[in-house]
Each structure stands twice: as C-alpha cells, then as structure tokens.
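Each reported figure results from applying straightforward, stated rules to the coordinates on display, with no laboratory input. What you are looking at is a predicted structure, and each value in this text was computed from that prediction instead of being measured. Because the Cβ atoms are built from the backbone with ideal geometry, glycine has one as well, and the counts that use them run over all protein chains shown.
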Amino acid sequence: MEYSSKSVNSNQAGPHEKVGEIVLKHWHSEFKRPIAEHNYLAYQKAKASINRSSIIFDSGCGNGNSTANLAAQYPDSFIIGIDKSLSRLTRNTDNWHRSGQDKNFILVRADLIDFWRLAADDNIKLLRHFILYPNPWPKKQHVKRRWHTSPMLKTIMSLGGQLEVRSNWPVYIDEFSSALSIFHFCSQKKILTLDFAQCLSDFEKKYHQSNHTLWQLTADLSIDSHHHA
Ligand SMILES: C[S@@+](CC[C@H](N)C(=O)[O-])C[C@H]1O[C@@H](n2cnc3c(N)ncnc32)[C@H](O)[C@@H]1O
C-alpha cells in the first residue's frame, strides 16, 4: 500500500450551487437503465447467503477489509460488501475466499447502480449502510457522478437504515447532507478521530497515514415519513 496520498484537489471550493436542482430533477424522473444480468445474479447470490436477520451494506467495499471488520463489529448482522471491481475485490484473497455461507459477510462483484435498485425493489431495509470513501469526483463538471447527485439518491434513501458516509473531502459530506435535507432527513457531520488500528478500510488507513482530516456523515434513514420534496 502507498502511504502518502494527496488531498483532494478540486475546482470547487464549497458545495456545488446546483445540488438542489439536480436532486429534484432526479426525484421527479424515472431512472430506467435496465438491470444487467450479472448484477442480478450477484444480487441473488448475496441474498441467498444471508444468515442473520439484519443486513448491513458496505457499498463500494474495495478489497473487503472493511466488510470483514464490520462483520466482526456487528456479529448479529449480515454484511454485504459490494464492489464493481474484481481486481480490488480479489486483492485480499483471504477476504474473497472466507466470504460466503458460514460467515456473516459476503463480497460480491456488482455495480451498485443495479445492486441497490434490486435490493430496494425487493423491499430490503438495511440496519446500516456504509459508503466509505466513495470516489469524490471532485471536478465541478463531474458533480452528477457523486452518489447524492446521481439518480441513486432515492434508492439509497429507500434502503433506509443508519447511513454512514466517510470522505476526506468535506464538500462531499456537505453536499450529501444538503441533498438529504431536501427530503427532511437530518444528518450529522463530524471529524473522525481514530487510531490507526481503528481504521475500517484501506483508503481510511491511507488517508490517516497521510494526515488527512477524515469526515463522517451519519443520517437515520429509517424514518420514511419525510420523503416528499
Ligand atoms: C475510493 S475506493 C474506496 C474503497 C473502500 N470503500 C475503502 O474505503 O477502502 C471506491 C470504490 O468504489 C467502487 N465503486 C465505484 N463506483 C461503483 C459502482 N457503481 N458500483 C460498485 N462499486 C463502485 C470502486 O471500484 C472502488 O473500489
């Protein structure tokens, strides 16, 4: 692992001025991209492995170290680590091979854009939802690639649970928070003060070692009475 990483460099100093407009546009339109077969199969596989009554998603889990850590932290829950990159998922072969039937976690290769919709359409309600260090897409012109300004925000909201997003770019956290506030979901923003040993994921470790400030957003999405924009 590389131990020095640069801070996020962006031509956007604060939240994008169009967050509200973009979020509402997505809310009022239907996202119709067809579900790819391999994502459907990955979803079915993950679903069939669930061996606990509560479910936690580790969305964009990379090499799955965070998924294994969460599985130890939440022994009564089943953790599903999802990533679209096979090379990342299989980087820690131990996680990849240990995940499965007799454990309380599984790693699956799938695109979240399909996996989340399949779970939401199946009426899955999460206990917790971790989105750790999502790609920040820091260029202003890429604003719509961020999760909160993508058509996926409503899917994330319908999956419910305690959402936790971590980022080394505070703008991402602020934008996510303002996107949720449109639907009257309150979120809390704080700086994480962790020891290295408490780091959940490899990106977190890398940023910790590079002395980046680690930001956390938490939001209770289990209240579904506030969804109307
Ligand atoms: C910056 S890495 C963070 C990885 C891990 N959460 C960590 O903290 O170490 C972002 C991850 O999100 C995954 N990712 C991005 N977009 C995705 C998508 N649409 N579906 C599934 N995974 C995605 C990438 O493959 C990558 O592994």
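Please grab the % of Cα pairs in segment 103-209 that end up more than 16 Å from each other.
On the way: 3630 of 5671 pairs.
Looking at segment 103-209, the distances longer than 16 Å represent 64 percent of pairs.
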Of Ser66, Ser53, Ser178, which is the most mobile in a GNM of the chain whose springs link Cα atoms less than 10 angstrom apart?
-> Ser53
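State the Kirkwood hydrodynamic radius of segment 1-113 in Å, one decimal place, computed from all pairs of distinct Cα atoms. Kindly include the intermediate steps, with their values, before the conclusion.
Values: mean 1/r = 0.0615 Å⁻¹.
Taking every pair of different Cα atoms in segment 1-113, averaging 1/r and inverting gives 16.3 Å.
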Helix-only [θ]222 nm of the chain, DSSP H runs n ≥ 4, -39500 (n - 2.57) each, per residue, nearest 500 = -9500 deg cm²/dmol
A correct Kirkwood calculation over the Cα atoms of the chain returns a hydrodynamic radius in Å of 17.9
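So if I place +1 on the C-beta of Lys and Arg and -1 on the C-beta of Asp and Glu, and nothing else carries charge, what would the dipole magnitude of the chain be about its Cα centre? I want it in debye, nearest 20.
460
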Unit charges at the beta carbon, dipole of segment 1-142: most positive-side option, His16, Gly62, Leu89 | His16
At the level of C-alpha centres, the distance separating segment 162-205 and segment 1-37, in angstrom, is 14
Exposure-ranked with fewest Cβ neighbours within 10 Å first, Val143, Val23 stand as Val143, Val23
Approximate shape of segment 100-147 as ellipsoid semi-axes (Cα gyration tensor, √5λ), whole Å, largest first = 26, 14, 10
Run the numbers on the chain and let me know its relative contact order in percent, using alpha-carbon pairs under 8 Å that are six or more apart.
-> 24
Under a GNM of the chain (C-alpha, springs under 10 Å), which listed residue has the highest mean-square fluctuation: Ser177, Ser77, Ser87?
-> Ser87
